[in-house]
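Okay, so here's the structure we're looking at.
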Amino acid sequence: MGQTDEVRTQRDDIPIRDEDVERTFKYEVAHQVGGEGLLRCLKCGACSGGCPVGAVTDYRPRKVLGNVLLGLKDLVLSSDDIWMCAACFTCEERCVQEVNFTDIVTILRNMAVKQGHAARGYLEMARTVVAYGRVVPKTFAVDKMRANLELPPLQDPAMEELTKIIQASGFDKILALYKGGDKTQ
Amino acid sequence: MTIAGDKVTYDHLLPSETAMVIGGGVAGMQAALDIADQNYRVVLVEKSPSIGGVMAMLDKTFPTLDCSACILTPRLSEVARHPNIELLTYSEVVGVTGKAGDFRVKVLRKARKIDEEKCSGCGDCVPHCPIEVPNEFDQGLGFRKAIYIGFPQNTPLVYTIDSENCIRCGMCEKACVREAVMLDAQDEEVEIPVGAIVVATGYELYDVSKYPRLGYGKYRNVIHALEYERIINAAGPTGGHLMRFSDGKIPRSIGFVQCVGARDLHKGVPNCSRICCMYSIKNAVMAFELAHDHVKDVTLYYADLRAFGKGFEEFKEMAKTRFGVKFIRGRVGEVNENPENRNIRVRVENTESGEFLENEHELVVISPGILPPRTLRALSNQMGLQLDSDGFISVEHASIYPVDTTIPGIYVCGCAESPKDIPDSVAAGSAAAMRASITLAKGGVQ
Ligand SMILES: Cc1cc2nc3c(=O)[nH]c(=O)nc-3n(C[C@H](O)[C@H](O)[C@H](O)COP(=O)(O)OP(=O)(O)OC[C@H]3O[C@@H](n4cnc5c(N)ncnc54)[C@H](O)[C@@H]3O)c2cc1C
Ligand code: SF4
Ligand code: SF4
Ligand code: SF4
Ligand code: SF4
């Protein structure tokens with residue numbers, strides 16, 4: 001076999017081509033708030049071994065980190081994987097290297113959204129927040145349930161302030177990138 | 001010879017000709033022998049009732065699978081019989097003053113309540129003692145009396161009365177024909193002049209119950225590696241019969257869990273313990289050796305396998321190919337118990353294939369990392385020694401003065417300095433002995 005680095009092979013035999021590797025991707029992630037631990041990851045798998053989503057799907061937090069460290073930016077940001085995390089923080093609690101995966105997945109989602117890869121469900125949620133000020137809209141059924149539990153009725157969201165925050169943070173501009181579930185521009 | 005009740009003094013020892021070794025594990029024993037063989041005197045201070053350290057508890061040793069006791073026992077008697085070695089077991093250092101060539105060490109001789117000169121180690125007293133407590137030497141798995149030796153090769157072969165549990169019934173006193181029992185004996189403090197000191201206080205295991213997700217202390221069929229060593233040891237609490245504790249059956253399937261209390265920033269133990277990979281491979285092989293008719297599956301879950309020493313990689317390959325030990329690269333996420341048969345389910349990702357596994361084992365053995373003994377900080381404060389951030393003793397220079405502490409005339413060896421296997425501990429023991437005898441030969445001048 002010749003000594004060439006043209007085709008590198010990952011464990012599960014997906015060939016990785018040089019043009020797919022963005023060498024600085026890991027630093028881009030690590031330099032954001034919450035991403036500081038990324039470069040410490042040993043890919044030991046303790047996160048995957050305790051992940052409740054991984055127990056029932058083929059989602060592996062360790063694999064997401066591995067791909068980030070390899071620099072497979074497009075693959076990571078366009079994959080469904082980063083939207084699978086239930087943010088239970090089990091991996092973050094157990095990681096032996098204090099990698100804080102749950103924070104990293106948030107960073108990856110934010111990057112993905114800007115590139116037009118927002119998951120449909122999350123997009124719907126974001127639009128509901130802009131329209132009604134809540135992730136889950138206030139309905140008659142909810143009011144009734146609260147009354148049964150002797151809880152006070154929900155207050156109306158402070159839409160005026162919320163809209164200001166949405167505009168100041170650029171949240172609306174990001175959403176404007178999408179039409180339906182797809183990116184328009 | 002001293003008469004019971006007489007105050008023992010050490011005025012006959014000259015600091016220019018005497019060294020002290022603190023800790024009687026395999027490293028400290030080596031240091032003591034090598035200094036004593038050069039015709040200096042050695043006072044060996046050991047806090048437990050016997051010398052031998054952890055090695056005395058082990059069954060076999062990697063990578064040769066030599067019987068641990070077979071190698072160690074002759075050394076124990078060599079130390080005990082050496083005319084130049086004075087053995088102070090059940091004793092602790094409580095203060096050090098002076099400087100290289102002329103230290104004064106205060107040693108607390110805890111009352112063992114048995115006259116060391118008179119006790120022949122016959123054990124006639126034992127059946128009469130009504131008090132039974134878990135035996136520390138067996139990791140609490142077996143039992144001993146309040147008048148006891150931890151293990152048959154206890155060196156010196158002298159019994160000890162554990163004052164914490166003794167009810168002073170006097171039965172042992174009546175049973176002992178040699179009149180060695182001294183129930184009224186008190187702790188005694190002695191001052192010993194020495195020219196050089198070797199610290200060889202070894203290590204203790206990480207308390208694995210601090211990982212609730214791994215089930216130790218909650219599930220009976222989760223044990224740690226030193227407990228496993230005692231179970232498979234012919235002199236241990238089960239007479240060498242490999243078994244699990246929920247039902248006493250020979251486990252057909254065993255899982256070993258690596259890197260627990262080691263390489264974990266979250267738990268404040270970032271360092272690798274160096275020995276756990278190898279001792280677990282050894283113990284995995286021993287399961288097949290001891291119960292080959294029963295044991296069908298032995299799986300070792302690791303983060304990285306560190307088989308760094310001479311013959312270690314070959315040993316690992318042999319475990320894999322000749323014995324069929326399965327190696328899975330993945331740090332275990334969590335374990336839980338199958339309530340029907342009390343088997344342990346191990347949840348782990350095989351990081352080489354991406355598979356999420358839930359493997360059921362009849363016994364799970366956790367491999368704890370090693371920590372400096374809890375008492376090391378107090379001891380090093382007494383001597384002015386520095387500790388590294390991992391809590392082990394700092395050396396002058398890791399590469400060229402690997403056994404010199406930051407205080408002239410005080411040396412360190414074995415696991416007191418960092419995690420080491422037996423060959424490295426012994427080599428360091430010899431090195432520290434050489435450095436200490438140079439200090440003695442030069443009268444303390446460096
Ligand atoms: C489960 C297990 C299996 C292992 N298997 C192997 C193997 O197969 N092969 C191998 O090479 N290594 C093995 N090891 C490692 C081996 O145990 C160590 O390398 C060795 O015991 C180190 O010797 P030591 O003298 O430095 O320390 P220790 O054995 O810990 O001895 C230290 C001694 O100092 C005493 N002491 C402590 N503090 C004080 C104090 N303040 N004053 C006086 N005395 C004190 C202690 O009571 C003890 O007797 C294994 C370890 C474990 C945990
Ligand atoms: S994030 Fe942590 S637990 Fe997961 S593979 Fe990396 S080091 Fe291991
Ligand atoms: S936080 Fe996400 S990745 Fe981590 S264990 Fe929970 S679901 Fe899995
Ligand atoms: S005096 Fe103490 S050691 Fe002796 S037999 Fe009674 S309880 Fe046991
Ligand atoms: S020796 Fe092996 S098991 Fe022990 S801490 Fe190092 S890598 Fe982990």
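The values are calculated or read from the model by the stated rules, or taken from the named source; none is laboratory data. All of these numbers come straight from a predicted model, not from anything done at the bench. FYI the Cβ positions are ideal-geometry reconstructions off the backbone, even for glycines, and counts take in every protein chain you see.
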Practice task
Tally the residues that are within 14 Å of chain A (Cβ to nearest Cβ) and more than 28 Å from the chain's Cα centre (by Cα), restricting the search to the range B:345-386.
Solution key: 15
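Rundown of residues vs (1) closer than 23 Å to A:K183 by Cα; (2) touching a residue at least 24 places away in the same chain (Cβ under 8 Å); (3) within 16 Å of ligand 1 (Cβ to nearest atom), yes/no style:
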{"position": "A:C51", "(1), (2), (3)": "no, yes, no"}
{"position": "A:A55", "(1), (2), (3)": "no, no, no"}
{"position": "A:Y59", "(1), (2), (3)": "no, yes, no"}
{"position": "A:K63", "(1), (2), (3)": "no, no, no"}
{"position": "A:N67", "(1), (2), (3)": "no, no, no"}
{"position": "A:D74", "(1), (2), (3)": "yes, yes, no"}
{"position": "A:S78", "(1), (2), (3)": "yes, yes, no"}
{"position": "A:C85", "(1), (2), (3)": "yes, yes, no"}
{"position": "A:T90", "(1), (2), (3)": "no, yes, no"}
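The rows are residues; the columns are (1) within 30 Å of B:A225 (Cβ to Cβ); (2) not β-branched (V, I, T).
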position	(1), (2)
B:V107	no, no
B:K113	no, yes
B:S120	no, yes
B:H128	no, yes
B:D138	yes, yes
B:A146	yes, yes
B:I149	yes, no
Completion exercise
Of the candidates A:T163, A:T139, the one satisfying the condition of being more than 25 Å from A:M84 (Cα to Cα), exposed (fewer than 13 other Cβ atoms within 10 Å of the Cβ) and among the β-branched types (V, I, T) is A:T139
Problem - the range B:244-269, subset in a strand (DSSP E or B) and away from chain A (no Cβ under 14 Å), residue farthest from A:C44 (Cα to Cα) - result: B:S253
Completion exercise
Within the range B:385-428, the residues that are in a loop (DSSP other than H, G, I, E, B) and within 11 Å of ligand 1 (Cβ to nearest atom) are B:F392, B:C413, B:E417, B:S418, B:P419, B:K420, B:D421
Exercise for the section: Go through the range A:29-51 residue by residue and tally those that are of a type outside the set (D, E, K, R) and more than 7 Å from chain B (Cβ to nearest Cβ). Expected result: 13
Practice task
Scan the range A:136-143 and give yes if some residue there is within 16 Å of ligand 3 (Cβ to nearest atom) and over 30 Å from B:R263 (Cα atoms), otherwise no.
Solution key: no
Practice task
Can you tell me which residue among B:K326, B:K420 is basic (K, R) and more than 18 Å from the chain's Cα centre (by Cα)?
Solution key: B:K326
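With modelled with pLDDT under 95 and over 20 Å from B:N221 (Cβ atoms) as the only criterion, which of B:E317, B:E313, B:E352 stands out?
When all the criteria are applied, what remains is B:E352.
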Exercise for the section: Check off (1) part of a helix (DSSP H, G or I); (2) under 22 Å from the mean Cα position of the chain (by Cα); (3) surrounded by 22 or more Cβ atoms within 10 Å (Cβ to Cβ); (4) not small (G, A, S) for B:L440 and give me the number that stays unchecked. Expected result: (2)
Problem - Any hit, the range B:350-357, residues being crowded, with 20+ Cβ neighbours inside 10 Å and in contact with a Leu (Cβ under 9 Å, 6 or more places away or on another chain) - result: no
Exercise for the section: Given the conditions (1) in contact with a strand residue (DSSP E or B) (Cβ under 6 Å, 6 or more places away or on another chain); (2) more than 27 Å from B:P270 (Cβ to Cβ), report the number of the one that B:P339 does not fulfil. Expected result: (1)
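Out of all the residues in the range B:364-380, is one or more of a type in the set (D, E, K, R) and surrounded by fewer than 17 Cβ atoms within 10 Å (Cβ to Cβ)? Spell out how you get there, then give the answer.
Going through the range B:364-380, the residues of a type in the set (D, E, K, R) turn out to be B:374, B:377.
Subset that is surrounded by fewer than 17 Cβ atoms within 10 Å (Cβ to Cβ): B:374, B:377.
Within the range B:364-380, one or more residues are of a type in the set (D, E, K, R) and surrounded by fewer than 17 Cβ atoms within 10 Å (Cβ to Cβ).
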